[in-house]
Structure formats: C-alpha cells, structure tokens
1. For residues in segment 232-253 being in contact (Cβ under 8 Å) with a residue 40 or more places away in the chain and open to solvent by 40 Å² or more (accessible area, probe 1.4 Å), which is farthest from the chain's Cα centre (by Cα)?
2. Within segment 58-74, track down each residue that is part of a strand (DSSP E or B) and either acidic (Asp, Glu) or open to solvent by 20 Å² or more (accessible area, probe 1.4 Å) (or both).
3. Please go through segment 209-225 and pick out each residue that is crowded, with 20+ Cβ neighbours inside 10 Å and either among the aliphatic types (A, V, I, L, M) or more than 17 Å from Ala177 (Cα to Cα) (or both).
4. Select from segment 97-116 the residues that are surrounded by 17 or more Cβ atoms within 10 Å (Cβ to Cβ) and modelled with pLDDT of 85 or more and write down the one among them that is farthest from the chain's Cα centre (by Cα).
5. Could we say that Ala256 is open to solvent by less than 50 Å² (accessible area, probe 1.4 Å), touching a Pro at 6+ places or on another chain (Cβ under 7 Å), touching a residue at least 40 places away in the same chain (Cβ under 8 Å) and in a helix (DSSP H, G or I) here?
6. Identify, please: which residue in segment 186-208 is outside any helix (DSSP H, G or I) and open to solvent by less than 30 Å² (accessible area, probe 1.4 Å) and is, among those, nearest to Gln227 (Cα to Cα)?
Amino acid sequence: MFNPDGLPVWAKRHRLPADVAAHDHDFFEIALVTQGSGLHIAADGDHPIGPGSVVVVPPNQWHGYAQCDDIVLFDSFVAPELVYGTLSFLDAELPLMQSVHKSSLSLPQRIQLGQYDVSLAIAELHSMSDTTPARRSRIELVGHLLIYLDILNRSWTPEQAIHRRSTASLHPAVSRAAQLMEDDPGRPWTLSQLATATATERTHLVRLFQRELGAPPIAYLNRLREQAAARLLVQTDDPVAQIGARVGWEDAGYFARRFKNAYGLSPSAYRNRARTGEARYHASPEADAALPISGARFGVVG
C-alpha cells in the first residue's frame, strides 16, 4: 500500500526541486499546485501548471513534470479499490470521477481552482495528511476525501468532448459505437460493422459522430489506438511492432506513420524519451532541459 498505515487515503506536501521523469503507479493521484510553475506532461500533451492547478491522474497512466520553477504540490493518493468499490456511487454524483475511470481512454483531468476553493481544498488535504494514530480513522479520511472531490468537481469543466462528454447526453447510436470501440480498439472495426451494430445508416452515423464528438467514427477509433499505443510504449517492454498489432495496426510501417503523425515522434523515440526522462515527450522546438533518469517520485518535502 502507498501510505504509512495501510488506509486507502493519504496526502502529503512535496516540493519539486527539479523536473520529474515519466512514471506511473497503480493508484489515483490528485496533485494540487500551491506554489511555483511548470509543465505537467502526460499522453495528452504538455500543460502549464501554477497555483490552483489540479491534476487528477488515474491508475496506470504515466505522467511527469518539466520546467519546474519552485513547484510545491499537495498530493493525495487514493487506492483504486476504494473508488471502484466502496465509493462506486461517485459516478452518479460527480461527473469528474466518471470521466476519470469509466473510459478505457481515461486521461488526467485538469482543474483550475480559485483562491477560495484552494483554501478549502488545503484544509481537507491537511486533515488527510494527519498521521496521528488517533486521527487515522477510515471513516474520517473518506469523509475528507469526499469533500475534497466535491470541491474539485465544482470547478471541473469538460475540456475535450471526445473523452469527457457524458454518454447519457449522446445520441444512442454514437454512445453505442463509441463504447464498442473503446472496449476493443484493437478489433478491425469498419464503418459498416459499426452501422450494423447500432442499426444506423453509415452516412448518418458519420454525421452524428461529427456533430457530437467532433470526429467521424474511424478517426475516433484511430485516436483510441494512438493513445493506447502511447500507454503501452511507456508501461511495457513489448516490441514496438507487437504493440502496433495489439492496438489494431498489423503493418509496423503504417503504425509508425500513424503514431508519428499523432505525437511528432516515432514509437521508439517516444518510448526512449519517456524512459530516459527527456523533458519534451511531445516534439517541440521549445525547452529541452533533461528530467532525472530515475523517474523517482518526489524525494524532497517542502
């Protein structure tokens, strides 16, 4: 377990004295920036962070930090079994949490808190970080976590409809087709198969997807595959060609072209940059300061 006493919630304040290489973990991490500035790096790009920025990172999703300038994080860590089991009702109550772990493509969720909400959040985090034995009550910790999540949910705004839009608001054919592809992105889906599975004429299905998700079905599928491949390149040692085949692109050359078009790097270069800790996982002419090779988590407490 990731906390000192085995309870499913923990919080701790960290200072980032240097950049942090790509890493992942098997629990939920919620990072609130209370000081400094920099970039949060993940499969969906490089995002500026500063005071009030919050990043909710699902289990098994790699991320890192670059261009760190005196960043202080108040981090909280939540065991996935708590979210998936005891707190499974959160999906119905908090759209934020539904977006974090319901999709096979769940990516870090980004939130910007105002000053007042930052103060409320810090109060809950302080309570979760208290390791005094008499204060480490499971019920109390979960209560503080729920309040914290509610604060975050109030300020959370869906930024990318293709990932975060509630399926309840989608046309049934779009919702069904998107779910089929998310559940099995490696399957060689065709537009005809999706149209048949949703009892929808092909041209109409394309129009519905374009209107509600901003991309036609096969473009949506390709994006699913690109992001699945990015995760596998960082999280596994599988050969590049095998990863391409696993996500649905049997032709290694085609996979390499698709991936480079999406991320600006070949699959091998993308893996190497993440593994060796270079600051820019997404090709850019800007800053090239190196991240630590170790990828170790935050070792200095502010």
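1. Per the stated criteria, the residue is Arg246.
2. Here is the first cut: in segment 58-74, the ones part of a strand (DSSP E or B) are 63-74.
Residues satisfying the conditions are Gln67, Cys68, Asp69, Asp70.
3. Leu213, Leu221, Leu224
4. Step by step, filter segment 97-116, then rank; the result is Leu113.
5. Working: open to solvent by less than 50 Å² (accessible area, probe 1.4 Å): yes; touching a Pro at 6+ places or on another chain (Cβ under 7 Å): yes; touching a residue at least 40 places away in the same chain (Cβ under 8 Å): no; in a helix (DSSP H, G or I): yes.
No; evaluated as a whole, the condition is false for this residue.
6. Initially, segment 186-208 is screened for residues outside any helix (DSSP H, G or I), giving 186-190, 198-201.
Of the ones still in play, those that are also open to solvent by less than 30 Å² (accessible area, probe 1.4 Å) are 186, 189, 198, 200.
Details: Gly186: 12, Trp189: 17, Thr198: 25, Thr200: 27 Å.
Restricting to residues being outside any helix (DSSP H, G or I) and open to solvent by less than 30 Å² (accessible area, probe 1.4 Å), the top hit is Gly186.
The values are calculated or read from the model by the stated rules, or taken from the named source; none is laboratory data. Just so it is clear, the model here is predicted, and its values are computed rather than measured. When we count neighbours, we look across all protein chains shown, and the Cβ atoms used for this are built from the backbone with ideal geometry, even at glycine. Surface areas here come from the heavy atoms of the whole protein model, side chains and all, with no ligands, DNA or RNA. Shrake-Rupley method; radii C 1.70, N 1.55, O 1.52, S 1.80 Å.
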